[in-house]
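The values are calculated or read from the model by the stated rules, or taken from the named source; none is laboratory data. Keep in mind that what you see is a predicted model, and the values were worked out from it rather than measured. Note that we place each Cβ from the backbone using ideal geometry, even for glycine, and neighbour counts take in every protein chain shown. Heavy atoms of the whole protein, side chains included, go into the accessibility calculation; ligands, DNA and RNA do not. Shrake-Rupley method; radii C 1.70, N 1.55, O 1.52, S 1.80 Å.
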Amino acid sequence: MSEIQNKVVIITGASSGLGAATAERLAANGAKLMLAARREDRLKEMVAAIAKSGWTADYLVTDVSDRAQVEALAQKTLSTYGRIDVLINNAGLMPLSPLDALKVDEWERMIDVNIKGVLYGIAAVLPTMRHQKSGHIINLSSVAGHTVSPSGAVYSATKFAVKAISEGMRQESKGEIRSTNISPGAIATELTSTISDRDTATSTNAYYAKTAIDADAIARAIAYAIEQPLDVDVNEIIIRPTHQI
Ligand code: NDP
């Protein structure tokens, strides 16, 4: 039996890209899923497709930048499945731009979703995981959480923060809670659609068109971290396309 079988897993940002690919892979391995994002039509379709395959999923429309909504997500997971084994803090956005463009609203949005959303997720599940004396928090950082490029200052700042939060969680694990930081390189998803700066969008889309790999590469890495025996904590995985420098 797969170690993923019957695990209760919350996935934020499940309506597209890495979150959707991860949902599909974990569902097929027998996980019980609670999917979260803002686009209800997408979540509904995914839950229906998962159910049609005989697997288990439910959803709650959730904006991770709203603490009460993230708390409600954890509560719904508990009332539906009775426990929370894994939280995948995946929701995020990447409106890259040079600092000179002064897209201050976008900076704030990245901080709200990419950092605060992760912290709200941890706050919502940690008491339950402590009570269970087991749990696993998987955060989506990025290669941009290890290095900074022009137009990426704020996005990188949020992903460096995610890496710090993952490491802090690991150090406070008390032998109960596993912490995994996943750092993808360029993966073909809807992520670049959040770039409003025209020049940055053009160059980033061109780069992704020639470099990006399929989202299932990240879903496989997440499944690998979850399926380890409970005394094994995969702390960090960096996955780049082979062509990415
Ligand atoms: P997508 O744009 O395809 O997916 C982003 C997901 O986040 C969507 O499901 C979106 O759903 C959700 N989301 C955005 N804002 C919110 C919000 N406020 N509340 C809840 N959900 C939200 O991109 P990816 O799949 O690529 O991104 C997933 C994660 O992976 C992000 O954290 C990203 O930074 C990270 N990453 C991606 C890389 C890549 O190259 N693709 C590289 C490195 C890291 P909805 O709009 O329905 O709310």
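Computed values, structure above
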read-out: Relative intensity, log₁₀ I(q)/I(0), of the stretch 84-141 from a Debye sum that treats every alpha carbon as a point, q = 0.17, 0.19, 0.21, 0.25 Å⁻¹; value: -0.60, -0.69, -0.77, -0.94
read-out: Tyr224/Ala153 FRET efficiency (R0 30 Å; Cβ-Cβ; nearest 0.05); value: 0.45
read-out: Helical contribution to [θ] at 222 nm, DSSP H n ≥ 4, -39,500 (n - 2.57), averaged over the chain, rounded to 500; value: -14000 deg cm²/dmol
read-out: Full-extension gain in nm, Ala123 to Ser203, via 0.36 nm per residue minus C-alpha separation; value: 25.1 nm
read-out: Convex hull volume of the chain per residue (C-alpha atoms, cubic angstrom); value: 116 Å³
read-out: Vicinal HN-Hα couplings computed from phi for the stretch 100-114 (Karplus, 6.51 cos²θ - 1.76 cosθ + 1.60; Hz; Gly/Pro x); value: 4, 6, 6, 7, 5, 4, 5, 4, 5, 5, 4, 5, 5, 8, 6
read-out: Distance between the stretch 18-61 and the stretch 195-243 - C-alpha centres, whole angstrom; value: 20 Å
read-out: Mean Cβ neighbour count within 10 Å, used as a protection proxy, ranking 50-63, 19-32 highest first; value: 19-32, 50-63
read-out: C-alpha long axis of helix 40-52 to longest principal axis of the chain, angle in °; value: 40 degrees
read-out: Rough spin-label spacing in nm, given labels placed 7 Å along Cα→Cβ, for Gln5 and Lys44; value: 3.4 nm
read-out: Local electrostatic count, Leu78, Cβ distance below 13 Å [Lys/Arg +1, Asp/Glu -1]; value: 0
read-out: Cα pair distances in the stretch 61-183, grouped into 5 Å bins until the bin that holds the longest one, percent each; value: 2, 12, 21, 21, 18, 12, 7, 4, 2, 0
read-out: Gain on full stretching of the segment that runs from Arg109 to Ile238 - 0.36 nm per residue minus C-alpha separation; value: 43.9 nm
read-out: Evaluated at q = 0.11, 0.21 Å⁻¹: base-10 log I(q)/I(0), Debye formula over Cα of the stretch 132-245; value: -0.40, -1.16
read-out: In nm, spacing of pseudo-spin labels at Glu190 and Ala68 (7 Å Cα→C-beta vector); value: 2.6 nm
read-out: Label-point separation in nm, Arg130 to Asp214, each point 7 Å along Cα→Cβ; value: 4.2 nm
read-out: Mean Cα-pair separation over length for the stretch 55-153, i.e. relative contact order, pairs under 8 Å, 6 or more apart, %; value: 39 percent
read-out: Relative contact order of the chain, pairs being alpha-carbon contacts under 8 Å that are 6 or more residues apart, as %; value: 21 percent
read-out: Principal-axis tilt of helix 17-28 within the chain, Cα atoms, nearest 10 degrees; value: 20 degrees
read-out: Between 0 and 90°, nearest 10: helix 216-227 axis offset from the chain longest Cα axis; value: 40 degrees
read-out: Accessible area (Å², 1.4 Å probe, nearest 10) - Ser65; value: 30 Å²
